[in-house]
Amino acid sequence: MKVHEYQGKEVLERYGVRTQRGIVAETPQQAGEAFAQLGGDLAVVKAQIHAGGRGKGGGVKLVKSRQEAEEVADQMLGMMLKTHQTGPEGQLVRKVFVCEGLDLAQELYVGIALDRHLGQPMLMVSAEGGVEIETIAAERPEAILKLPINPLRGLEPYQARRAAFFLGLSPALVKKAVPFLVGLAKAYLELDCEIAEINPLVITEQGEVVALDAKINFDSNAMYRHPDVAEMRDESEEDGKEVEASRFGLNYISLDGSIGCMVNGAGLAMATMDTINLHGGAPANFLDVGGGATEEAITEAFRIILSDPNVQGILVNIFGGIMKCDVIARGVIGAAKTVDLHVPLVVRLEGTNVEEGRRLLAKSGLDITSASSLDEGAKLICQAVQSAN
């Protein structure tokens, strides 16, 4: 689950991490009032969307007066902000964050993410902040210090000091950076974050260590433990089909192909998409209905798949373990009768009660093609889509 910059900063402040102060605004007038309330002669207006690279897209502007803050906010609000993370269509800006102006002396990078090779969180710091960390990692890996974090003990003070000295900070700044880094790591661990990135972390002319930006992503599966964080979810920033799917316990991700997929199990879903590609097709989605999907959930899955205008065929690939194949077959038949199924449908069932499931599909009287294997199912749906074109 992603949150906006202002929400990420709000979370970090709870852990003693000093962030750039700011006020959220949804109208130009509110932006002007925010500038006045901050009380300085310089502020920054930042578009709030779930994507990086906002500055390059025109989503971060310096303003020097209340009037200018209102004018800039008026330009940003309602714009489709395009960055390298939004795609060509851009993302609609509904809010801006008016932040205090700071005298910047140095820009650094700090981030925490899971190292899948080690199986534990990794603190990463670099003296080169304000730029893409991926570029630094590819071109100058020696410019990044990586320190593993013990999930039970958290970031140790000695590790935080090592990171601060690697950044070239003075002894006085090291004393401020250590609690900053320890607090960031504590927030990451306690709130089940997937990533906690501050780019840039800045040193001000006044000697303050401040998070100028904050990108915090949370593990959606752990949000039941953090209801206050879960309330920060902004569904308007997400794909509407993915939001609707989550309400029915479905895991759905939109892709850009033409063959809709309905599968139970993430691994089987990945194998299904790979096999479709192998036969010359392209998956239109990742959709995992899970191990206990009801007929209602299956019907909703069909609706979501068919709401994508690019879908020209559907492959259902279900392994009946906990969920029996006859139950799945009844769900598919009921869903096919309920929704406006206007594209080829291939169903491959395997597992418990598979013969009964296949018999039900054959007797349904519906235009459903049954497949005995994943390879056959992928081949059949690819051929059906290619023939239709």
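Rule-based calculations on the coordinates, nothing more; no lab input. Values in this document were obtained by computation on a predicted structure and should not be read as measured data. Positions of Cβ are generated from backbone atoms using ideal geometry, with glycine treated the same way; all protein chains shown enter the neighbour counts.
So the values come out like this:
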item	result
Within straight-line cross-link reach of LYS9, lysines at Cα separation under 20 Å, skipping those fewer than 8 residues along the same chain	LYS46, LYS61, LYS95, LYS176, LYS186, LYS215
Zero-based 5 Å bins, Cα pair distances in the stretch 239-388, whole percents	2, 11, 22, 26, 23, 13, 3, 0
Table column - 3J(HN,Hα) (Hz), the stretch 73-81, Karplus curve with 6.51, -1.76, 1.60, x for Gly and Pro	4, 5, 6, 7, 5, x, 7, 8, 7
Using θ = phi - 60° and Karplus 6.51 cos²θ - 1.76 cosθ + 1.60, couplings along the stretch 27-43 (whole Hz; Gly, Pro as x)	9, x, 4, 5, 5, x, 5, 5, 4, 5, 5, 5, x, x, 9, 8, 9
Modelled label reach - ASN217, point 7 Å along Cα→Cβ, the stretch 102-134 residues with backbone N closer than 20 Å	109-126, 130-134
FRET efficiency, 1/(1 + (r/R0)^6) with R0 45 Å, evaluated for GLU355 and LEU92 via beta carbons	0.35
Label-point separation, ASP192 to PHE166 (7 Å along Cα→Cβ), nm	2.9
Centre separation in Å (Cα based) which lies between the stretch 79-151 and the stretch 1-18	15
R0 of 35 Å, Cβ-Cβ distance GLU295-LEU118: FRET efficiency to nearest 0.05	0.20
Cross-link reach list, aspartates and glutamates versus LYS175, counting only Cα pairs under 12 Å and skipping chain neighbours closer than eight places	GLU208
